[in-house]
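Quick notes on the structure that follows.
The values are calculated or read from the model by the stated rules, or taken from the named source; none is laboratory data. For clarity, every value in this text was computed on a predicted model and none was experimentally measured. Every residue, glycine as well, gets a Cβ built from its backbone with ideal geometry; the counts of neighbours run over all protein chains shown.
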Amino acid sequence: MEIRHATPLTVTTGDISLYRALTGSRHALFSAATFAEANGYDGLPIDPLLAFHVVFGKTVPDISLNAVANLGYADGRFPLAIYPGDTLTAISEVIGIKENSNGKTGVVYVRTRGFNQDGLEALSYVRWVMVNKRDAASPAPEAQIPDLPDNVDPATLNFSRAYSAWDNTLAGSAHRFGDYEIGEKINHVDGMTVEEAEHQIATRLYQNTAKVHFDAHGQKASRFGKRLIYGGVVISIARALSFNGLANAAELLAINGGTHTGPLFAGDTVYAWSEVLDKAELSDSVGALRLRLVAVKDQDPGAFALRGEDGKYAPGVCLDFDYWAAIPK
Amino acid sequence: MEIRHATPLTVTTGDISLYRALTGSRHALFSAATFAEANGYDGLPIDPLLAFHVVFGKTVPDISLNAVANLGYADGRFPLAIYPGDTLTAISEVIGIKENSNGKTGVVYVRTRGFNQDGLEALSYVRWVMVNKRDAASPAPEAQIPDLPDNVDPATLNFSRAYSAWDNTLAGSAHRFGDYEIGEKINHVDGMTVEEAEHQIATRLYQNTAKVHFDAHGQKASRFGKRLIYGGVVISIARALSFNGLANAAELLAINGGTHTGPLFAGDTVYAWSEVLDKAELSDSVGALRLRLVAVKDQDPGAFALRGEDGKYAPGVCLDFDYWAAIPK
Amino acid sequence: MEIRHATPLTVTTGDISLYRALTGSRHALFSAATFAEANGYDGLPIDPLLAFHVVFGKTVPDISLNAVANLGYADGRFPLAIYPGDTLTAISEVIGIKENSNGKTGVVYVRTRGFNQDGLEALSYVRWVMVNKRDAASPAPEAQIPDLPDNVDPATLNFSRAYSAWDNTLAGSAHRFGDYEIGEKINHVDGMTVEEAEHQIATRLYQNTAKVHFDAHGQKASRFGKRLIYGGVVISIARALSFNGLANAAELLAINGGTHTGPLFAGDTVYAWSEVLDKAELSDSVGALRLRLVAVKDQDPGAFALRGEDGKYAPGVCLDFDYWAAIPK
């Protein structure tokens, strides 16, 4: 079952400005045409996470508008650089389904692909959501659980840009590939308080229409009694905060997994920390770090909160995100 | 009496991004250059309502900065597509005047025209506002009430774009011209809560300087005791909400009339419903729907609230807006 | 000691739109390509204050992230017009140092220069900040106080643009160089209430990362107990408000000095007044006004509050800013 999603979007420098103004992104590679062009791009590119949110937004009316929960991501890839003026469209395919034991809900697995105006695949990812069964009395469909990789193999990414003129000072850090060790944890220190206007503006920028983010009147009757912030807002803010300590790991290459482990509401302050999970060689000039990015709210990220002794996510942990980033050697 | 207004404005892709991020607009025709070019445009155009707000904003210091109320609109037309890089200017002409029976206030009718950098008329509309008489003791001027059309005749619009490659799936709806019936009411379902920051950012984007929208300190002494949201913000949010059910009626062609029937304040949630008032043929590939767009706040739009038994607008009805939209056949 | 700062930034029309939407700027010269081109520019330029905030933002992690206070500005110059697509970088030089008598803090004087992608100097300014001594027990360094001009000599600005087609009506005022008198005070009347989302979005647009502006959770333990608004936000809003009365003084030429005389918080309403401090000839078609721009909060700017009888800044005075602006003759 293939679903072509509505509303193609031409991304522009206006989107770049708004993304920066809403997230605090400071990576030189996605801020300056000069820096990007010196390091293998054909101009100032769109941040892969911005492209991801735009493609994700298109899927909401068809995939998750009435979903109970957004459960996870896997196998996210960004094979094509996107530039201002490019137009993104999205197509999704249902690749798996499983009824939950309660007989009332189930999990649907979807692969979504984003394309540019030439029909070239710009990004793809799998996500799975919990949905209500249309008719609880109907028999359970045969479970089909897709075979998803634990993480994306960097060797399959065909990363071809040379970071031939990477300037540490302009990029904001002297720490390159060789300076990070597997197992190392990094405290990103700064915090960012999110206002209702900010997450609403960001979520509309991505044309994500999920009503839980916008309708304060309707949300009064909901579980939390108020608007819930789109998880992608948390990903982007945490990623922007990770500039403190990971400034050279500017380019998100692949999403290995991700879970929104707790809700974020307006007025909450997002902090973040990272853990280096793995390292890989990409080319003579570029390596890759596999990073766990954890967002916590209203607490010191230097405590590196993740899970409690019961194995459950600790209070205030909002995001557990696993990705590969390119970094100069 | 002709008034040339200050501050010409070059509209850009930055304005397009902000308009989308502030209103939630999702029409493919104003989101994607590819879709627009396949359907008669020369690139990604500016949404006519964005152009309208920009031109309206220019008139505020000269027409309505100290007006008591913005009473209505009529005969709004959009003869020219506007693109990023175009520069808009505005000229207004007072076309009517009438003193109210209290001798203290009066109504002024104004036709405003917006032009592009080549001096071509891009849009025009009539609005009328209630103003205080400068000197209540002065004799009433002779009333001159302009002859305004009840609605714009679509045959006079010279609509020439062919919707030759309209893609229902990308546009977000399978419902075309033939699927709508006169008298049909459409519930747009979703709600949008408006924050102070959002309406202020939008209203400054349009360079509309009316102080009631911005000055919380000064507004404490006003009738409502707080900032009032610019009516154009309500029009654009309601129109964006109308995507649910009217996704193919993307292009606003003409404004027949409009009344801001109640105030909107930050924290209020806007919902909308529409009624098909009339239909007209434009060409082989395009028809027009005359639509009544009603914005209500903090209530179910599926109740289709409009007027009470006393004929007055019902509580919570904020906007009664009458327009023609193009829609593919 | 020279510091090259991180994150070069390509400024775009997206930044122009956001700057307008966040500040309320209405000067024709920075709003319309047509107006700018008719008056000596090669297209729609970036407002000098936007360029200033961008360059200032780059210096924050290296200069003032942990500063106790931002004490003043001097000798700000804008020798080069900046256009969308230009990339700004920044370099700072420490030009002076002085230990305070308490032995715990000191003042550091820094000259910052901003460059475009061709390495041409686009702007420069001096600012001085109060910082904590790293080790209070260490001996005081020898004081070096730079020789700073009381104000920038307009004759040194090499202003070369002719305002050859200045249109008073489009610019919004009939008052030109000859209409202003030294000593004249101007009430800018309107007020602008600043929301948390607005100042945060603006400050991130400039990639200014000072945590006091963003971290509500962390700020609970601070002196004010809440987020503090970046002083540059106050400068730009006050300058935008000064359109009422100074619409033709569109172009900021030089910053003579500036002090953030009191904090601004979300919910406060900014008002502004100006005083003409001096006048100078620039060319046959252009003069310069030396202006004091004062921002006050939650009070009538027509009272022209500045200092009390004790010589200290009066309550609610937030900004005392001294600059030269070009104005047509």
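Summary table below
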read-out: Residue in region B:35-42 that is more than 18 Å from B:F115 (Cβ to Cβ), surrounded by 24 or more Cβ atoms within 10 Å (Cβ to Cβ) and either touching a helix residue (DSSP H, G or I) at 6+ places or on another chain (Cβ under 6 Å) or within 14 Å of chain C (Cβ to nearest Cβ) (or both) present; value: yes
read-out: Residue list for region C:301-327, filter: in contact (Cβ under 8 Å) with a residue 24 or more places away in the chain and on the phi > 0 side of the Ramachandran plot; value: C:F304, C:G316
read-out: Complete set of residues in region A:293-312 that are surrounded by fewer than 19 Cβ atoms within 10 Å (Cβ to Cβ) and in a strand (DSSP E or B); value: A:R307
read-out: Selection within region A:132-172 - surrounded by fewer than 14 Cβ atoms within 10 Å (Cβ to Cβ), at pLDDT 90 or above and in contact with a Gly (Cβ under 7 Å, 6 or more places away or on another chain); value: A:Q144, A:I145
read-out: Test: residue in region C:236-244 that is under 14 Å from the mean Cα position of the chain (by Cα) and at the interface with another protein chain (Cβ under 9 Å from one of its Cβ atoms); value: yes
read-out: Members of region B:165-199 found to be touching a Lys or Arg at 6+ places or on another chain (Cβ under 9 Å), over 30 Å from B:F265 (Cβ atoms) and in a loop (DSSP other than H, G, I, E, B), listed by number; value: B:W166, B:D167, B:G172, B:R176, B:Y180, B:E181, B:I182
read-out: Selection from region C:64-89 of residues that are at the interface with chain A (Cβ under 10 Å from one of its Cβ atoms) and either surrounded by fewer than 21 Cβ atoms within 10 Å (Cβ to Cβ) or under 16 Å from the mean Cα position of the chain (by Cα) (or both); value: C:L65, C:P84, C:G85
read-out: Which listed residue, of B:T23, B:T59, B:T13, is under 30 Å from C:G191 (Cα atoms), among the polar types (S, T, N, Q), buried (at least 19 other Cβ atoms within 10 Å of the Cβ) and touching a Pro at 6+ places or on another chain (Cβ under 7 Å); value: B:T13
read-out: Only one of C:I235, C:I229 that is surrounded by 24 or more Cβ atoms within 10 Å (Cβ to Cβ), in a helix (DSSP H, G or I) and touching a residue at least 24 places away in the same chain (Cβ under 8 Å); value: C:I235
read-out: Flag for A:A325 being closer than 16 Å to A:E184 by Cα and surrounded by 16 or more Cβ atoms within 10 Å (Cβ to Cβ); value: yes
read-out: Selection status of A:R26, within 12 Å of chain C (Cβ to nearest Cβ) and closer than 19 Å to C:Q117 by Cα; value: yes
read-out: Residue within region C:4-21 that is more than 28 Å from A:N168 (Cα to Cα), outside any helix (DSSP H, G or I), of a type in the set (D, E, K, R) and within 14 Å of chain B (Cβ to nearest Cβ) present; value: no
read-out: Top-ranked residue in region C:189-224 [being modelled with pLDDT under 95 and within 9 Å of chain A (Cβ to nearest Cβ); ranked as nearest to the chain's Cα centre (by Cα)]; value: C:T209
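Residues are listed down the side, and each one gets a yes or a no for (1) out of contact with any helix residue (DSSP H, G or I) (no Cβ under 9 Å at 6 or more places or on another chain); (2) of a type in the set (A, V, I, L, M, F, W, C):
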{"residue": "A:F243", "(1), (2)": "yes, yes"}
{"residue": "A:A250", "(1), (2)": "no, yes"}
{"residue": "A:S274", "(1), (2)": "no, no"}
{"residue": "A:E281", "(1), (2)": "no, no"}
{"residue": "A:L289", "(1), (2)": "no, yes"}
{"residue": "A:R292", "(1), (2)": "yes, no"}
